[in-house]
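The values are calculated or read from the model by the stated rules, or taken from the named source; none is laboratory data. The model shown is predicted, which means the values in this text are computed figures rather than measured ones. Heavy atoms of the whole protein, side chains included, go into the accessibility calculation; ligands, DNA and RNA do not. Shrake-Rupley method; radii C 1.70, N 1.55, O 1.52, S 1.80 Å.
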Amino acid sequence: MDRKKREGFCNELESIRISKVIDNFMWEEPCVTDKKGVCAIFFSGCNLKCSYCQNCQISRGKVGSLYSEEEFIDLLKEKEKNNSYFNFITPTHFSNSILNALKKYQPKIPIIWNSSGYESVEMLKKLDNFISIYLLDFKYADNNLGKKLSHVSNYFETAKDVLDFCAKKKDVFDGKYMKQGLIIRHLVLPDEIKNSLDVLEYLAQKYSDRTISLMSQFTPTPNSPIKRKLTPLEYKIVESKFLKSFQKGYLQDFDSASDDFIPDFS
Ligand code: SF4
């Protein structure tokens, strides 16, 4: 489909649209927060349609402001002065336009590519020189669950290929802060503990030496088919597997499940 003319599955045209920009954002993993925090750029729309999405105000698209390549470059130039990183949140469906902008201007601070893990390796190869850190979700080890909850039939194979590619980026730290590398996130969903255990098992087989971030923050939004938060027992089971399987990473506190952690996009 030509997204210059028609909106795609992501509900957006090819031109960059941004819902919100937050300076000095301090909610990411500590190794990518640094003193000044990150400049969090929330792109509008999404190439998945997770029925439980906590950012559905923006992931369904058509909110926020359109940016030409030049306007996007101006934003990068302005924000790099007072932040330690850029965090491109849900950028996948704007990859082409972002790549064109980055070819014209490479920011002086590291760029974090914060995505669902469901994207094209061919496109990531083109972007790779400009991206310092991949902050990737690994949502499902079960394609049926991916189909049921995110409306795609091949999440597992796609995310595996993406991870294989992104894992080529070696971790580089400056003191306690990551300047290059990979962080793999997994959000534990209520009633889907087997999926979380399978995801962790898969990651443990191939990536036990990488930084894994286990998240407990799921909070149901009004339209979510998942109507409750995790129970302490559910999280404990997954946490126990995590602690046995990985050398380093982050465990979100159980009480992080609050809508305080969902930025307001209104
Ligand atoms: S990938 Fe993330 S932003 Fe996109 S629909 Fe799923 S939960 Fe929402």
Of the heavy-atom accessible surface of the stretch 16-261 (probe 1.4 angstrom), what whole percent is carbon and sulfur? 50 percent
Please tell me the relative contact order of the chain in percent, rounded to the nearest whole number, where contacts are Cα pairs under 8 Å and at least six residues apart. 16 percent
Of the lysine pairs in the stretch 1-120, how many meet both conditions: Cα atoms under 17 Å apart, and a spacing of 8 or more in sequence or different chains? 19
Using 0.36 nm per residue, how much length does the chain from W27 to V121 gain when fully extended, once their Cα-Cα distance is taken away? 31.1 nm
Return the sequence-ordered ³J(HN,Hα) values of the stretch 215-222 in whole Hz as given by the Karplus equation 6.51 cos²θ - 1.76 cosθ + 1.60 applied to θ = phi - 60°, using x for Gly and Pro. 10, 10, 7, 4, 10, x, 8, x
Percent of Cα pairs exceeding the 22 Å cut-off, where the set is the stretch 16-261: 53 percent
The long-range amide H neighbours of I16, using H built 1.01 Å from N in the peptide plane and a cut-off of under 5 Å, are Y67
On Cα atoms only, tilt of 155-166 relative to the major axis of the chain in degrees: 60 degrees
How much area per residue is accessible in the chain when the probe is 1.4 Å and only protein heavy atoms are counted (Å²)? 46 Å²
Counting helices only, and only those DSSP H runs with n ≥ 4, report the 222 nm mean residue ellipticity of the chain as the sum of -39,500 (n - 2.57) divided by its residues, in deg cm²/dmol to the nearest 500. -9000 deg cm²/dmol
Extension gain, K104 back to K77 (0.36 nm per residue minus Cα-Cα distance, nm): 8.5 nm
For L135, list long-range residues whose amide hydrogen, built 1.01 Å from N in the peptide plane, is under 5 Å from its own amide hydrogen. W113, N114, S115, I183
Residue by residue through the stretch 178-188, what is 3J(HN,Hα) from phi via Karplus (6.51 cos²θ - 1.76 cosθ + 1.60, θ = phi - 60°)? Round to whole Hz and write x for glycine and proline. 6, 10, 7, x, 9, 10, 10, 9, 9, 8, 7
With N residues in the stretch 100-245, what two-decimal value do you get for its Cα radius of gyration over 2.2 N^0.38 Å? 1.11
